[in-house]
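Here is the structure we will look at, set down as structure tokens.
The values are calculated or read from the model by the stated rules, or taken from the named source; none is laboratory data. Note that the structure is predicted; figures quoted are calculated from it, not measured. Cβ coordinates were reconstructed from backbone atoms using ideal geometry, including for glycine residues, and neighbour counts include every protein chain displayed.
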Amino acid sequence: MTSTDSREAREGPGKTRRRSRFGCRNCKLRKLKCDESKPQCKRCSSFGVVCNFLTSTTPDLQPIPADSRRSWMVRGTAAAAGLQPPLSNAIWTSDASTLFQLNTRCQDFITRYLGHSLITPNDPNMGQVNRKLLELAFTHPYLMHASLAVSLTYDRHLNSPSDSHRTLEECYHWSQSTILFNQKLREHIEPNERDPIWGTAAALVILTFSSPNARTPEESWPLNPSPSSYLDWVHMNKGKMSLWNIVNPLRSDSIFHVMAGAFAYVHSPLPEGGTEGIPPALAALCGITDDSTAETNPYFHAAHAVAQILEIEDSEVTMGPVQMFMRCIQGGFEGLLRDRDPVALVLLYLWYRKAGRCIWWIGLRARVECPAIWMYLRRYHGGDDSVMELLPDGGKFLMN
């Protein structure tokens, strides 16, 4: 795996790369010379996609079915866990200033994951978005690094013990994406960069959320109140939302336009007053009455957002209701959370318990932070029946 800021490292000084006039669309998309082999060019065979040289009906970058291609990743060996050497048949992602050569393991993750919906599995809209993001990743290295880091994290979620920590590869791609992304945000943003910027920002939120510093509840916030444990994902999500007006993911030419329904749910107005929809025990704990509003009660919006997601079947939970609660972590309620206020912690616990069962990257943090909240509340507020009544299972929701 190599990275450099010079195009000469790829093409050699004074040399230009000749492209085939009649090559497959996959190679043209990836800015590679196609050898025009039939029925499958060598570039597509190496990359693990179906060559579309001879047909106009085969989608771009269509993965070869897993059972009909050899596995590139050696599982269960030290080599699989390390950074493998690059391919001699180089595959690049590059923009005007940065090059990155994908190794065999990177290609495997792209083929297996990046054409699918990783944020919420089985979401057809997200699957469509991710396939288009894959195409953009070849010309925006910060997006490629972010996508690879998310794929590696998802693979760890599927195939590693529940207490596994970030791998070297995850950290490498996460770090590279952050560096390149920060550089991009300091520059003028061109219209064609808006979608990759929003996709990268979303990926960085997932990486931050799914990577708590703690391995056990005892090491986790709120039991451990060290600054490094303080709701770092809240800051990252706010950073992403600060880009909304710049990139406008709902514009008609955006690849994220198909997510308009989810975005509309996130930004839909919450009730202006009252307790309707909130379970009576939760309303009583939060001090919410028929006369309450967001101006008079700091828990008001968060309680309504939690109540909405609790009403949804696990199989039907999407990012809309999940992010509605995230949107409510601001102002007075955010301050109460940081002060480890017991009522605010109960609301966060209930959200973790529901969202963590349904969204894998929330579950990776909820595995340690949800039990930590329960332990903290039992230790310091165990005598408050109204608090403990809403914490029936000891935070072990992922073991049920």
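A few notes on this one:
- Test result for Asp5, at pLDDT below 70, under 20 Å from His140 (Cβ atoms), among the acidic types (Asp, Glu) and exposed (fewer than 13 other Cβ atoms within 10 Å of the Cβ): yes
Residues are listed down the side, and each one gets a yes or a no for (1) surrounded by fewer than 19 Cβ atoms within 10 Å (Cβ to Cβ); (2) at pLDDT 65 or above; (3) under 27 Å from Asn130 (Cα atoms):
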site	(1), (2), (3)
Lys15	yes, no, no
Arg25	yes, yes, yes
Leu29	yes, yes, yes
Thr57	yes, yes, yes
Pro65	yes, no, yes
Ser68	yes, no, yes
Thr77	yes, no, no
Leu87	yes, no, yes
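- Helices (runs of 4 or more DSSP H) completely within the stretch 160-264 that count 2 or more residues being within 27 Å of Ile309 (Cβ to Cβ): 194-209, 232-241, 244-247
- Leading residue by the ranking (surrounded by the most Cβ atoms within 10 Å (Cβ to Cβ)) among those in the stretch 89-116 that are among the small types (Gly, Ala, Ser) and modelled with pLDDT under 75: Gly115
- Residues that are touching a helix residue (DSSP H, G or I) at 6+ places or on another chain (Cβ under 7 Å), buried (at least 22 other Cβ atoms within 10 Å of the Cβ) and of a type outside the set (A, V, I, L, M) do not occur anywhere in the stretch 378-386.
- Residue check, Arg21 surrounded by fewer than 12 Cβ atoms within 10 Å (Cβ to Cβ), modelled with pLDDT of 50 or more, on the phi < 0 side of the Ramachandran plot and of a type in the set (Lys, Arg): yes
- Checking each residue in the stretch 277-295 for being within 17 Å of Asp341 (Cβ to Cβ) and β-branched (Val, Ile, Thr) picks out only Ile288.
So that you can scan it fast, the table gives a plain yes or no per residue for (1) surrounded by 15 or more Cβ atoms within 10 Å (Cβ to Cβ); (2) free of Cβ contacts under 8 Å to residues at least 60 places away in the same chain; (3) not acidic (Asp, Glu):
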{"site": "Cys286", "(1), (2), (3)": "yes, no, yes"}
{"site": "Ala294", "(1), (2), (3)": "yes, yes, yes"}
{"site": "Glu311", "(1), (2), (3)": "no, yes, no"}
{"site": "Asp339", "(1), (2), (3)": "no, yes, no"}
{"site": "Leu350", "(1), (2), (3)": "yes, no, yes"}
{"site": "Trp360", "(1), (2), (3)": "yes, no, yes"}
{"site": "Ala366", "(1), (2), (3)": "yes, yes, yes"}
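- Test result for Leu158, modelled with pLDDT under 90, among the aliphatic types (A, V, I, L, M) and surrounded by fewer than 22 Cβ atoms within 10 Å (Cβ to Cβ): yes
- Residue within the stretch 31-48 that is touching a strand residue (DSSP E or B) at 6+ places or on another chain (Cβ under 8 Å), charged (D, E, K, R) and in a loop (DSSP other than H, G, I, E, B) present: yes
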